[in-house]
Structure formats: structure tokens, C-alpha cells
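Heads up: the structure comes next, in C-alpha cells.
Derivation of every value follows stated rules applied to the coordinates shown; laboratory data play no part. Owing to the predicted nature of the structure, the values given are computational and were not obtained by experimental measurement. Cβ: placed from backbone, ideal geometry, glycine included. Neighbour counts: every protein chain shown.
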Amino acid sequence: MSADSTNSDVSITVYRLEACPFCERVIRLLEELELSYHSRFVEPMHSDRDVVKRISGKRTVPALVDTNTGVVMSESGNIVTYLEQTYGSDSTASIEKPVEGV
């Protein structure tokens, strides 16, 4: 999948900078997991990233908004962990397992 700026059914939006290695880490994982996402490039000047501040409470990128789960977060390491746990191959296996003793 790739960045999709036209499909309103896409639930993930990534706020990022061009050539930012932390942002690219998140984008690579989204691509690997074959998740569609909106990509929003933000102002390079940290003090001008008001849109990111309004959304996540911080001016740092990457920032991720997942309307499917209601999650808003920043910091690439946290985002990667979240995406792996929520959308990775192990996430569906744990959801589909029947709970014993119920």
C-alpha cells in the first residue's frame, strides 16, 4: 500500500518531514504491513509545527493518528511498537484465539 490522499476510509495519518529518518522508519513499517495511510508533510521549523502540536500535544515528528483505534502518538519507537502490536501478523492471531474457560 502507499500514502493515500484521496481515500476517506483510510484511518491512519502520519505527520512527517521529508528526509527524516525517524519518519521513514514509520513509513517503511506501514508499507511492510501493507497499511494504507495519509501522509502529511509539516513545516521543517520546529516552532512552526502548530498542526502537529494541536493534534499530539508536541511539535515532534513523526506523529501518528489512527482514527480506527483513537490513538494519537509521537516518537518513532512508540509508533513502531504500536503498529506492530496492533496491525502486525501476531495481532490477528491473539484476537482470533478462543478464550478458554469462558
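Some notes on this structure:
- Available extension along the chain between Glu34 and Ala19 is 3.3 nm, counting 0.36 nm per residue and deducting the alpha carbon span.
- Computed from the Cβ-Cβ distance with R0 of 30 Å, the FRET efficiency linking His46 to Thr86 stands at 0.60.
- Separation of the Lys53 and Met73 label points, Cα + 7 Å toward Cβ, nm: 2.4 nm
- Segment 12-88 - Debye-derived log10 I(q)/I(0), Cα point model, q = 0.12, 0.13, 0.14 Å⁻¹: -0.28, -0.32, -0.38
- Length-normalised contact order of segment 12-88 in % [C-alpha pairs under 8 Å, at least 6 apart]: 35 percent
- Antiparallel bridges, percent of DSSP beta bridges restricted to segment 12-88 (to nearest 5): 65 percent
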